[in-house]
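Below: one structure, written as structure tokens.
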Amino acid sequence: MAAYRYCEAVTALQARNFSYGIRLLPESKRLAMSALYALARRVDDIGDGELPPDRKTEQLGQTRALLDQIRAGSVSEEDTDPIKVALADAARRFPIPLGGFDELIDGVEMDLKGVEYQTFEDLKVYCRCVAGSIGRLSLGVYGCEDPALGERYADTLGLALQLTNILRDLREDAANGRTYLPAEDLARFGCEQGFGQPVLPAGADFTGLVAFEAERAQRAFEEGLRLLPLLDRRSRACTAAMAGIYHRLLGRIAAEPESVLRGRVSLPGWQKAYVALSGLAGGRS
């Protein structure tokens, strides 16, 4: 249907890392995952957009209302919102836990409120909302041999991916007045200030900070990737591809911590394609 084609176009244009994995799925799952991503992207775009906070809050509320309509089964194919139509169809075909989107919205609302994280346990709550939720939503499409264990591993893999994102975006976030790393970690390494500048404050152990957080992310990857054997071959390949791209990105950051202060670290397209093919072949990158 046209609604799915729209969601696929959004995914291909705005989620290149994500789309490498989605391409490995059979059509029905690929379309459903595109619908999931398209709504998640809409929520993120609301949070990152230029509207004043009250308008963002209003739009997030409208998105919650959209989810209620899908739960109630009151969305028709004649609806003018293609993302709503596609997601409603996907939710009829797969047991998607739509509450994951409510958690994603909760996470974006934390950003709007300027919530700061004093401890790693505090940060994990945020990561569960903005990243673990996507993993749990995806499991509804993939299917899983052990749903309870799968949700646990999906949450942990989401934590790994979000920690990698946080490290990658340190300078950009600081320029926008946001620091996601726990305050106790920043104080421990003397890095309370300076991410928005190419020169760190005197005495700051930035390399030590990145190594500490990268090791946390690495441990989360190791546990979260235990999800893979619980999935069917194509879903496993999709997850391995997406996680593998971020895992390689983490490796680059860990090898050269100060690179994140110069700009966004990324992988070339050929490496992403290689990781995706490795996932299809059953490897882990």
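Read-outs: derived from the displayed coordinates by stated rules, not from any lab. Computed from a predicted model, the values in this text were never measured in an experiment. So basically every Cβ, Gly included, is an ideal-geometry build from the backbone, and we count neighbours across all protein chains shown.
Key figures
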| item | result |
| --- | --- |
| Furthest towards positive pole of dipole, 142, 174, 60, structure part the chain, Cβ charges | 142 |
| Highest-MSF residue in the chain out of 66, 87, 167 [GNM, Cα springs under 10 Å] | 66 |
| Least to most buried among 56, 113 (fewest other Cβ within 10 Å first) | 113, 56 |
| Vicinal HN-Hα couplings computed from phi for the range 19-26 (Karplus, 6.51 cos²θ - 1.76 cosθ + 1.60; Hz; Gly/Pro x) | 5, 4, x, 4, 4, 7, 8, x |
| Assigned charges on the beta-carbon of Lys, Arg, Asp, Glu; the chain dipole about Cα centre (debye) | 1140 |
| Under Karplus coefficients 6.51, -1.76 and 1.60, residue-wise ³J(HN,Hα) of the range 113-118 in Hz, glycine/proline x | 7, x, 4, 10, 10, 7 |
| In degrees, nearest ten, helix 2-14 long axis to first principal axis of the chain (Cα) | 10 |
| Principal-axis tilt of helix 82-93 within the chain, Cα atoms, nearest 10 degrees | 70 |
| Choice from 148, 12, 174 with maximal GNM fluctuation in the chain (Cα, 10 Å cutoff) | 148 |
| Above-threshold pairs, the threshold being 23 Å between Cα atoms, out of 56/84; 29/124; 84/113 | 29/124; 84/113 |
| Max mean-square fluctuation residue, GNM over the chain, Cα-Cα springs under 10 Å, options 166, 22, 245 | 166 |
| Ellipsoid equivalent to the chain - semi-axes via the Cα gyration tensor, in Å | 31, 23, 16 |
| In order through the range 208-215: 3J(HN,Hα) via Karplus (6.51 cos²θ - 1.76 cosθ + 1.60), integer Hz, x for Gly, Pro | x, 4, 5, 4, 5, 6, 5, 5 |
| Helix axis angle, 147-168 relative to the chain longest principal axis, alpha carbon, degrees | 50 |
